[in-house]
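Below is one structure, written out as structure tokens; the observations come after it.
The values are calculated or read from the model by the stated rules, or taken from the named source; none is laboratory data. Computed from a predicted model, the values in this text were never measured in an experiment. Note that each Cβ is placed from the backbone with ideal geometry, even for glycine, and that neighbours are counted across all protein chains shown.
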Amino acid sequence: MKYVLKKLVTMIITVVLVTFFVFLAFNLISGDPATSALGTEATPERLAAYRTQMGLDDPVVVQYLRWGGNFLTGDMGTSYSYRMSVSSMISEKIPVTLIMAVMSFLIMIVVAIPIGIYTAEHKDGVLDRIITVINQVVMAIPPFFSGILITLLFGQIFKLFTPGKYISYQDDFGGFLGYMFFPALAIALPKITMAVKLLRTSVLKEVKNDYVRTAYSKGNSSRQVLYGHVLKNAFLPVITFLGMCLTDMIAGSIIVEQVFSVPGLGRILLTSISNRDYPVVMAIIVIIACLVLLVNMLVDVLYGFIDPRITPDD
Amino acid sequence: MDFVMSENVSKDLLLKVTDLNIEFLDRSKPSTVVYDFDLELRAGEIVGLVGESGSGKSMSALAIAGLLSRKDMNKRGEILYNGVDMLHCDRNTLRKIQGNEIGMIFQEPLTCLNPVQKIYKQVEEPLRIHQNLTKEERYKKVLEALKGVELADPETVMNQYPHELSGGMRQRVMIATAMINEPRILIADEPTTALDVTIQAQIIKLLKKLNKERGTAILFISHDLGLINNLCERVLVMKGGYIVESGKTEDVFNNPQKEYTQNLIKAIPKINI
């Protein structure tokens, strides 16, 4: 419990630091908000009045705290390009990106873990060799390209979904999930190959340990040794990797969203960056950063539960 | 009279190893690590197996415990336990003996315990594999076993993880695990090498006690002839894969036939104050 609390506090401090630096960076690059709001023809007096009114003369920390407070209550500022509140623009996109990330994560786990265990159990068997070759090939395909291939294969040839015809989750949740399966698969594919390889290597490394010999000396069968002793140990390095994958899936699905015309956070982030729509960009970056930190914390906590050597009593 | 005596002898014979040869095939040239190994282990006796590193003593011990399952090795000979040739029988037959009739403890008590499993589960495991007991009965047996190896606070220890215990405690846990099904044979592969001298003496004392109280036969492997002298009635000296000398420990000690054995005896440090 103390460990969880400690991780939570660490996470909150990191969130504050990250958001502060994001805020600072956008303050520096976005130029003078007063000039951009009132135009270059505005008199110095009007600019000064606007600055005082908007609190732009206050120290950065005060401005940050005000912005952070507003952010927490859901007020993320106003978009420059669309003149609407940022929160209303992105609140509908967050579930899209999150569901896609979670789906690809689940696909990865469901596919990678059994294959990883199987290939380790049947090392150098026929299927292991075949899977290893396929793994190497798939690993080399970037998600946007596997996205195109999936569109071609499942969309055009097998007609399992209509490419580009995104189904909104508000209209038809089942149809939405069906459509999202394919981009999720595209994101998951390269991760699956890495997870399989990592799990296989990890299991094969674990079975060389002395405790495995002890387990055999007790009369365990190979399966009992694998499932009762080896796997829990072999999962430790894999969990770190899975956590990294999940954060990557949340933060890095921009290109796949483009390929499949999914209106998620990545897509709006791209348009906002090209429109120099800083409030939107800033809000998305902060949200993604917080999600990533949250996942990292969860991984740490999970790790502490699985590996007794980690939980610090001091 | 003669007949009765010989029957008694064969009754007491627990384990008979004949012509054990172990050969590795994983290099370009096959290399033999154990040649023509013979051993007879009788109920209740402690036999020492001594030799330098690489003499083949651990390989022989692992073979006897049924733990040599690598495909890249050639095993010849016979390891007869209770009518079963443990060297060539299938895994399922072997498993019924392992942890039940034959227990084994190893050199490194830390790495030999599963780092992410509580002590209780690890000590209990042979019970779950070989016996049909209720949870309460198993708990009682684990507690007894931990008490039996003279652990000071068994209730606490069973809820701890291996990294929370000292080296000596870990080896005691290993012994408790190996002994929980009251095996007839305990194979101890350098169980004290990784421990301090004082802890070493305690573990030897414990092994002696278990041998005396429960009549468990012990095959004690060590490179330390001093320890063997202290513990074993009989001794086998190995070098380069061969048994070079064997006999009663006293005789081997007082009247070593081979130069190698003489050198081993000379290597025992003598403390002169």
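Is at least one residue of region A:180-192 within 14 Å of another protein chain (Cβ to nearest Cβ), in a helix (DSSP H, G or I) and at pLDDT 95 or above? The answer is no, given that none of the residues of region A:180-192 is within 14 Å of another protein chain (Cβ to nearest Cβ), in a helix (DSSP H, G or I) and at pLDDT 95 or above. Just one of the listed residues (B:Arg214, B:Arg184) is free of Cβ contacts under 8 Å to residues at least 60 places away in the same chain, under 18 Å from the mean Cα position of the chain (by Cα) and closer than 21 Å to B:Ala65 by Cα, and it is B:Arg214. For region A:193-224, which residues satisfy the criterion of being touching a strand residue (DSSP E or B) at 6+ places or on another chain (Cβ under 9 Å) and of a type in the set (Val, Ile, Thr)? Within region A:193-224, just A:Thr214 meets the criteria.
What's the total number of residues in region B:186-225 that are assigned to a helix (DSSP H, G or I), among the polar types (S, T, N, Q) and over 23 Å from B:Lys248 (Cβ atoms)?
Total satisfying the criteria: 3.
Give me the residue from region A:206-217 that is in contact (Cβ under 8 Å) with a residue 12 or more places away in the chain and not in a helix (DSSP H, G or I) and, out of that set, farthest from the other protein chains (Cβ to nearest Cβ). Among those that are in contact (Cβ under 8 Å) with a residue 12 or more places away in the chain and not in a helix (DSSP H, G or I), it is A:Val207. Residue-level analysis places B:Asn159 among those that are within 14 Å of chain A (Cβ to nearest Cβ), of a type in the set (S, T, N, Q) and over 26 Å from B:Lys16 (Cα atoms).
Yes or no: region A:230-240 includes at least one residue that is touching a residue at least 24 places away in the same chain (Cβ under 8 Å), hydroxyl-bearing (Ser, Thr, Tyr) and surrounded by fewer than 18 Cβ atoms within 10 Å (Cβ to Cβ). Within region A:230-240, one or more residues are touching a residue at least 24 places away in the same chain (Cβ under 8 Å), hydroxyl-bearing (Ser, Thr, Tyr) and surrounded by fewer than 18 Cβ atoms within 10 Å (Cβ to Cβ). Going residue by residue through region B:46-61, is there one that turns out to be in contact with a helix residue (DSSP H, G or I) (Cβ under 8 Å, 6 or more places away or on another chain), crowded, with 17+ Cβ neighbours inside 10 Å and within 14 Å of chain A (Cβ to nearest Cβ)? Among the residues of region B:46-61, not one is in contact with a helix residue (DSSP H, G or I) (Cβ under 8 Å, 6 or more places away or on another chain), crowded, with 17+ Cβ neighbours inside 10 Å and within 14 Å of chain A (Cβ to nearest Cβ), which makes the answer no. Within the bounds of region B:239-262, is there any residue that is under 15 Å from the mean Cα position of the chain (by Cα) and under 30 Å from B:Asp12 (Cβ atoms)? Looking for residues that are under 15 Å from the mean Cα position of the chain (by Cα) and under 30 Å from B:Asp12 (Cβ atoms), one finds none in region B:239-262, hence no.
On the given criteria, is A:Pro114 assigned to a helix (DSSP H, G or I), within 30 Å of A:Phe235 (Cα to Cα) and free of Cβ contacts under 8 Å to residues at least 24 places away in the same chain? Outline the logic, then answer.
Details: assigned to a helix (DSSP H, G or I): yes; within 30 Å of A:Phe235 (Cα to Cα): yes; free of Cβ contacts under 8 Å to residues at least 24 places away in the same chain: yes.
Answer is yes for this residue.
Of A:Thr35, A:Thr40, A:Thr52, all but one fail to be loosely packed, with under 12 Cβ neighbours inside 10 Å, at negative phi and modelled with pLDDT under 85; the exception is A:Thr40.
Taking region B:76-104 as the range and being part of a strand (DSSP E or B) and closer than 17 Å to A:Arg213 by Cβ as the test, the residues that pass are B:Gln98, B:Ile102, B:Gly103, B:Met104.
Screening B:Leu110 with (1) surrounded by 14 or more Cβ atoms within 10 Å (Cβ to Cβ); (2) within 25 Å of B:Leu14 (Cβ to Cβ); (3) out of contact with any strand residue (DSSP E or B) (no Cβ under 8 Å at 6 or more places or on another chain); (4) within 13 Å of another protein chain (Cβ to nearest Cβ) gives one miss only, at (2).
None of B:Lys140, B:Lys121, B:Lys135, B:Lys96 is at the interface with another protein chain (Cβ under 8 Å from one of its Cβ atoms) and surrounded by fewer than 17 Cβ atoms within 10 Å (Cβ to Cβ) except B:Lys96. For B:Lys141, the criteria (1) closer than 22 Å to B:Ser58 by Cβ; (2) touching a helix residue (DSSP H, G or I) at 6+ places or on another chain (Cβ under 8 Å) hold in every case but one, which is (1). Filtering region A:60-85 to residues that are surrounded by 13 or more Cβ atoms within 10 Å (Cβ to Cβ), among the hydroxyl-bearing types (Ser, Thr, Tyr) and in a loop (DSSP other than H, G, I, E, B) leaves A:Ser79, A:Tyr80, A:Ser81, A:Tyr82. Count of region A:1-59 residues, restricted to those that are in a loop (DSSP other than H, G, I, E, B) and within 20 Å of A:Val295 (Cα to Cα), is 1. Based on what the data block shows, is A:Val111 farther than 30 Å from A:Thr73 by Cβ, in contact with a Gly (Cβ under 7 Å, 6 or more places away or on another chain), surrounded by 15 or more Cβ atoms within 10 Å (Cβ to Cβ) and at pLDDT 95 or above? It is false that A:Val111 is farther than 30 Å from A:Thr73 by Cβ, in contact with a Gly (Cβ under 7 Å, 6 or more places away or on another chain), surrounded by 15 or more Cβ atoms within 10 Å (Cβ to Cβ) and at pLDDT 95 or above.
Having 1 or more residues that are under 20 Å from A:Ile187 (Cβ atoms) and not β-branched (Val, Ile, Thr) is the bar; report the helices (runs of 4 or more DSSP H) wholly within region A:218-314 that clear it.
A:231-251, A:254-259, A:265-274, A:278-306
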